[in-house]
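What follows is a single structure, written as structure tokens, with notes after it.
Just so it is clear, none of the values below were taken in a lab; they were calculated from the coordinates. Keep in mind it's a predicted model, so treat the numbers as computed, not measured. Cβ placement follows ideal geometry from the backbone for every residue including glycine, while neighbour counts extend to all protein chains displayed.
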Amino acid sequence: MLILSADDVRRAVSPAQAFDAVREAFLSLAQDTIGTFPRHQLSAGPGRALMGVMPVADLSEGGPWAMKVVLVGKDNRAQGLDSHQGFVMLADGRTGKPLAMIDATSVTALRTAAASAVATAALANPDPSRIAILGGGTQARSHVAALRSLYPDAGFVLWARTNGAALADELGLAVAATPNEAASGADIVCTVTGAAEPILSVRDISPGTHVNAVGASRPTAREIAGDLVAASRLFLDAAAQAETECGELLLARACGAITKDHPATELHTVVAGLHAGRTSPAEITLFKSLGIAAEDLTVAQAALRFARAAGLGTEVDF
């Protein structure tokens, strides 16, 4: 079994390679060659890390099982830790023999940003000039890397509650004082915050903008106000998961901004050419990313493949 640390994963898989892996995940979902299972979010009480368990199977000939176990500690950053900890296990699909144990923090950072990049490539207007990143954590960094790989000539602007100026200076970005200032005139907006209440509403977004809403993944939390959900064409990574976890959808319904039958399209159908994406240059498109195990599977497979080719990782008997 190969053990891959976070550094091994970052050295093995580039943002462009993660983009290809996640795009393949969406194509496989459209072709029913990835088997997905319900994600379980578990709590052991106040002050304890939350646990997420995400099983998935590659249904192609010889494809592996995978399981991501991720734990989220709300006070981790005060201790110098990423909020997400855990591992991705790959195992032989027939025998169950473990093949790899891979750091989940790095896989999550890569696959989440890659999913936003895949959605952006499928839904945004071409040739963006201004990309806004709202948030200052791991996903802010990974989204900058992913979208710079996709749009090297675009300008970036960053807003974050606490470390915006320092992070913008480190990454070579412009800095904004408010979410509205960052989003104003942006062609692409990515929200990657820990906000529980909306930080963007329809008045903040220009016609033709594409929004990737990434930070909230609980039914009681949202970054995007109901009026912006109502004004957008909504795309989801997993419709069934959204019905239990997506605050943007559930709270917009609860406040009356949208109805139960508000249309939403799963992204894999757009990537596979089965459903239209953007229908006009002025349309606002909104991709709500909850994060799905299919993305973890394909990025973990890429990490294993590229790490072996580069001689990275530690082999152990298991």
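General remarks:
- Summary: within the chain, the longest segment free of trypsin sites (Lys or Arg not before Pro) located in DSSP loops with at most 14 other C-beta atoms within 10 Å is 162-259.
- Distance between modelled label sites at Thr314 and Met51, nm, 7 Å Cα→Cβ extension: 2.4 nm
- Vicinal HN-Hα couplings computed from phi for the range 61-76 (Karplus, 6.51 cos²θ - 1.76 cosθ + 1.60; Hz; Gly/Pro x): 4, x, x, x, 7, 9, 9, 9, 10, 10, 10, 10, x, 5, 9, 4
- Contour excess over end-to-end distance, with Cα ends at Val69 and Val202 and 0.36 nm allotted per residue: 44.3 nm
- Spatially proximal lysines relative to Lys97 (Cα-Cα < 17 Å; intrachain offsets below 8 disregarded): Lys68
- Among Leu147, Leu50, Leu250: highest mean-square fluctuation, GNM of the chain, C-alpha pairs under 10 Å: Leu50
- In the range 114-291, Cα pairs under 8 Å separated by at least six residues give a relative contact order of 23 percent.
- Membrane-span-like helices of the chain, defined as complete DSSP H segments with a Cα extent of 15 Å or more along the helix axis and a mean Kyte hydropathy of at least 0.0, are identified as 15-30, 104-123, 293-310.
- Working note: Cα atoms of the range 220-311, range along each principal axis, descending, whole Å: 54, 32, 19.
- Candidate lysines for bridging to Lys74, where Cα separation is under 28 Å - those fewer than 8 sequence places away on the same chain excluded: Lys288
- Rg/Rh ratio calculated on Cα atoms of the chain (Kirkwood radius): 0.95
- Segment Ala166-Asp92, length gained on full extension (0.36 nm per residue, minus Cα span): 22.2 nm
- Dividing the mean sequence gap of close Cα pairs (under 8 Å, 6+ apart) by how many residues the range 200-246 holds gives a relative contact order of 46 percent.
- With Cα atoms defining each centre, the range 23-93 and the range 179-242 are spaced 23 Å apart in the structure.
- Unit charges at the beta carbon, dipole of the chain: most positive-side option, Val189, Ile131, Thr244: Thr244
- Our estimate of slack between Ala240 and Leu274, defined as 0.36 nm per intervening residue step minus the Cα-Cα distance, is 10.4 nm.
- Per-residue Karplus couplings for the range 278-285, computed as 6.51 cos²θ - 1.76 cosθ + 1.60 with θ equal to phi - 60°, are listed in order as 4, 10, 7, x, 8, 5, 8, 10 Hz, Gly and Pro entered as x.
- Charged-residue dipole, Cβ positions (Lys, Arg, Asp, Glu), the range 114-291 about Cα centre, Debye nearest 20: 120 debye
- Taking a Cβ cut-off of under 11 Å around Ala104, the surrounding Lys, Arg, Asp and Glu residues balance to a net charge of -1, with basic ones at +1 and acidic ones at -1.
- Relative contact order, percent, the chain [alpha-carbon distance under 8 Å, six or more residues apart]: 22 percent
- Dividing the radius of gyration of the alpha carbons in the range 158-312 by their Kirkwood radius gives 1.01 for Rg/Rh.
- Mean-square fluctuations from a GNM of the chain, with a 10 angstrom spring cutoff on Cα atoms, peak among Ile199, Ile102, Ile131 at Ile199.
- At q = 0.12, 0.17, 0.22 Å⁻¹ the log10 of I(q)/I(0) for the range 18-131 amounts to -0.55, -0.98, -1.27, computed by Debye summation with a single uniform scatterer per C-alpha, solvent ignored.
- Spatial extent of the range 96-218: Rg and Dmax, with the Cα atoms as the point set, Å: 14.8, 53
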